[in-house]
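Notes follow once the structure below has been shown.
The values are calculated or read from the model by the stated rules, or taken from the named source; none is laboratory data. Not measured: the values here are computed from a predicted model. Note that each Cβ is placed from the backbone with ideal geometry, even for glycine, and that neighbours are counted across all protein chains shown. For accessibility, only protein heavy atoms count, side chains too; no ligands or nucleic acids. Shrake-Rupley method; radii C 1.70, N 1.55, O 1.52, S 1.80 Å.
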Amino acid sequence: MGTMGNTKIKFGTSGWRAIMCDEFTFANVGVVTQAIADNLKAQGHPGDVLVGFDCRFMGSRFAREACAVLAANEIKAAVTSRPTPTPVLSFDVIRHGRAGAINFTASHNPPEYNGLKFSPDWGGPALPETTNDIEERANKLMASARLPAAFKKVDYDEAEARGLVSTHDPMPDYLNRIRELIDLDLIKAAGLKIGLDPLYGTAVGYLDTLLTEAGCDVTMIHANPDPTFGGRPPEPSEANIPELIGMVSADSTFHLGLSTDGDADRFGIIDRGGRFLEPNYFLALLFDYLVRERGFEGGAGRSVATSHLLDAVANDLGRKLYQTPVGFKFIGELIAGDALAMGGE
């Protein structure tokens with residue numbers, strides 16, 4: 001196998017993303033995973049790594065490849081048994097005290113893309129000092145070696161037999177935690193009819209399970225596996241969810257429409273009658289609710305790309321407002337430091 005040519009690994013605001021079969025290849029994934037392994041070994045971190053994937057083409061195969069590289073470095077890996085939302089992986093890292101998580105997702109990007117996101121032991125997306133180190137290690141490997149010598153890997157089945165790879169389903173623990181945080185009985189008393197569009201993504205089995213358990217009458221669309229996402233990016237913007245808007249607007253008995261993106265860390269909300277609710281409005285409303293009704297402590301966090309409506313609500317409540325650069329990793333750092341009641345962008 002030849003050298004990598006002009007390929008250069010670069011982590012953006014939320015991981016490394018590239019077009020499949022162009023730069024996002026098994027060889028490049030192997031190099032980046034090796035760089036992550038070297039980063040963890042340099043820190044002397046003894047924990048295992050959770051490896052997850054979304055619903056994109058070959059996601060589970062890329063996850064197995066990463067496990068094989070981690071195993072060759074004597075780092076234990078737990079691979080998810082199904083496509084898994086990004087927030088679930090973050091929760092699972094903290095709950096089980098893992099060294100971090102590798103997530104194969106391109107989030108809301110078009111279907112020809114895939115991506116690799118690394119989250120360290122505090123659960124949120126890796127901060128620049130970590131991703132810069134991984135980038136530097138990966139690009140040095142590419143420049144100095146011919147593949148596949150740039151990284152080590154072992155046979156996946158052999159690694160599993162040696163106990164270096166195991167399969168893990170994070171869904172039960174995550175759903176139980178949501179049940180502790182949310183008053184499902186209160187939702188049940190409301191008798192809601194909800195349209196749900198997960199955009200062929202990882203929220204399937206999560207959001208619908210909880211809403212049904214809460215007594216909601218749920219009608220779900222776009223829940224079948226489709227790596228092309230129906231020909232549109234899995235981004236729950238008003239332009240990308242016309243079927244959900246049409247369903248809610250055509251039937252006045254629907255109270256709400258909910259949509260999530262490919263890795264279920266973005267949302268779209270349709271109000272009764274089919275009106276798209278701007279996420280900026282919802283963030284302000286949620287922060288007000290968490291402080292006034294739930295008694296949450298801490299301030300509000302938003303990126304520079306987010307409406308200042310949240311500032312006004314924070315000021316009204318006498319809470320501090322934190323502004324961050326674009327990228328949830330910066331808000332995640334504030335959450336990890338217990339500075340926020342809520343953060344969003």
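Brief remarks follow.
- Residue satisfying all of: in the range 125-148; buried (at least 20 other Cβ atoms within 10 Å of the Cβ) and assigned to a loop (DSSP other than H, G, I, E, B); farthest from the chain's Cα centre (by Cα) among these: ALA126
- For the range 58-68, the candidate set comprises residues that are within 22 Å of TYR113 (Cα to Cα) and touching a helix residue (DSSP H, G or I) at 6+ places or on another chain (Cβ under 7 Å); within that set, the residue that is surrounded by the fewest Cβ atoms within 10 Å (Cβ to Cβ) is ARG64.
- Here PHE151 meets each of (1) modelled with pLDDT of 90 or more; (2) buried (at least 22 other Cβ atoms within 10 Å of the Cβ); (3) of a type outside the set (A, V, I, L, M) with one exception, condition (1).
- Here the helices (runs of 4 or more DSSP H) wholly within the range 152-217 that include at least 2 residues being over 30 Å from PHE254 (Cα atoms) are 156-161.
- Any hit, the range 48-63, residues being part of a helix (DSSP H, G or I) and in contact with a Gly (Cβ under 8 Å, 6 or more places away or on another chain): yes
- Qualifying residues in the range 1-20 (those that are open to solvent by less than 40 Å² (accessible area, probe 1.4 Å) and part of a loop (DSSP other than H, G, I, E, B)) - the one modelled with the lowest pLDDT: GLY2
- A search for C-beta distances below 8 Å between a residue of the range 240-256 that is within 22 Å of GLY201 (Cα to Cα) and any residue that is part of a loop (DSSP other than H, G, I, E, B) and of a type in the set (D, E, K, R), counting only pairs 6+ apart in sequence or on different chains, returns ASN240/ARG232; VAL248/ARG272; LEU256/ASP271; LEU256/ARG272.
- Members of the range 160-180 found to be open to solvent by 80 Å² or more (accessible area, probe 1.4 Å) and touching a Ser or Thr at 6+ places or on another chain (Cβ under 9 Å), listed by number: THR167
- Scanning the range 69-110 for residues being open to solvent by less than 30 Å² (accessible area, probe 1.4 Å), closer than 26 Å to TYR200 by Cα and part of a loop (DSSP other than H, G, I, E, B) gives a total of 5.
- Residue tally, condition open to solvent by less than 60 Å² (accessible area, probe 1.4 Å) and outside any loop (DSSP other than H, G, I, E, B), over the range 283-301: 10
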